[in-house]
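The structure appears below as structure tokens.
The values are calculated or read from the model by the stated rules, or taken from the named source; none is laboratory data. All figures in this text were calculated on a predicted structure; none of them were measured in a lab. Quick reminder, even Gly has a Cβ in these numbers, built from the backbone with ideal geometry, and neighbours come from all protein chains shown.
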Amino acid sequence: MKPNGPLIICFTFFVLICSFSSGCSGLKKQAKPRLLAVPVHELVFVGIQPALSEDSSALMIMDPLGGSVFAAEPTPSGANTILTGLIIEKLNEAKHYSLIIPTPEQMVVKKISVSYSGHETNIRDSLVKFGRDLKVDAVMVGWLYRWNDRKGSEFAVQSAASLAFDLHLISTADGSVLWREKFDKTQRSLSENIFDLNTFIKSKGTWLNIEDLAEIGVSDVLSKLP
């Protein structure tokens, strides 16, 4: 078991450090999101798809649109639906875009294929055509590469929560990827990863379950969406 006792001691230590700074948020300043290459007012989000089927073996794979490499593992049934719901909730809260969520029937009728296949052109063309049919400016899509819940309690674990996913925003005008971002994290104790103070503070010095880590991941990724 991995006790989290040292985390509490480290937390006190860092609180003292932060008191002499301009604040913990100042330890890591986030860059302002860049403006999109083309204006996007209305977008359709086709959801998060599992990168591997449940009966697959873990392997290193490249995302089909951006080229990032992930240590992917089969994910539990319904995990991508949970993540999709979190993203929709955050997008609606932000109110930056007019958001359209297609029904499963629309996806089937339009023959939208976003299953991971490694064939970037097929996926991109399918999404662009779908977006044009709906007369939106962009299509958002993502893949889930890892969804492992913690084994243990919030104070001691045998293995920590681990999550990896990405998001892409594709222009329906020319098929270009306007924006992409990823989240790939396995929670560590502060003593193992002293530079990840941000996650430590958000977790309040405890071991997160996978849903809590997903909340942090979605907020982090969408905070960088222009």
Flagged pairs (Cβ under 6 angstrom, 6 or more apart or on separate chains; first in segment 180-201, touching a residue at least 60 places away in the same chain (Cβ under 8 Å); second assigned to a helix (DSSP H, G or I)) are S189/L7; L190/L7; L190/C10; L190/F200; S191/P6
Output for Cβ contacts, cut-off 8 Å, separation at least six or different chains, first residue closer than 22 Å to S191 by Cα in segment 206-226, second of a type in the set (D, E, K, R) and in a helix (DSSP H, G or I), reads I216/K202
Is it true that E54 is out of contact with any strand residue (DSSP E or B) (no Cβ under 9 Å at 6 or more places or on another chain), in a helix (DSSP H, G or I) and either in contact (Cβ under 8 Å) with a residue 60 or more places away in the chain or among the charged types (D, E, K, R) (or both)?
no
Checked D166, D184, D196 against criteria (surrounded by 21 or more Cβ atoms within 10 Å (Cβ to Cβ) and under 27 Å from L91 (Cβ atoms)); the one match is D166
When (1) charged (D, E, K, R); (2) over 26 Å from A58 (Cα atoms); (3) touching a helix residue (DSSP H, G or I) at 6+ places or on another chain (Cβ under 8 Å) are applied to E215, the one that fails is (2)
Has segment 209-219 got at least one residue that is farther than 23 Å from I82 by Cα and over 15 Å from the mean Cα position of the chain (by Cα)? no
Check your understanding: Quick check, is D125 within 17 Å of P64 (Cβ to Cβ), buried (at least 21 other Cβ atoms within 10 Å of the Cβ) and among the charged types (D, E, K, R)?
Key -> no
In segment 179-192, residues that are out of contact with any helix residue (DSSP H, G or I) (no Cβ under 6 Å at 6 or more places or on another chain) and either closer than 21 Å to V218 by Cα or in a strand (DSSP E or B) (or both) total 8
Exercise for the section: Might you check whether a residue that is modelled with pLDDT of 90 or more and surrounded by 12 or more Cβ atoms within 10 Å (Cβ to Cβ) occurs anywhere in segment 24-34? Expected result: no
The residue from I101, I48 that alone is at pLDDT 90 or above, β-branched (V, I, T) and surrounded by fewer than 18 Cβ atoms within 10 Å (Cβ to Cβ) is I101
Of the conditions (1) loosely packed, with under 11 Cβ neighbours inside 10 Å; (2) modelled with pLDDT under 55, the single one that S77 does not satisfy is (2)
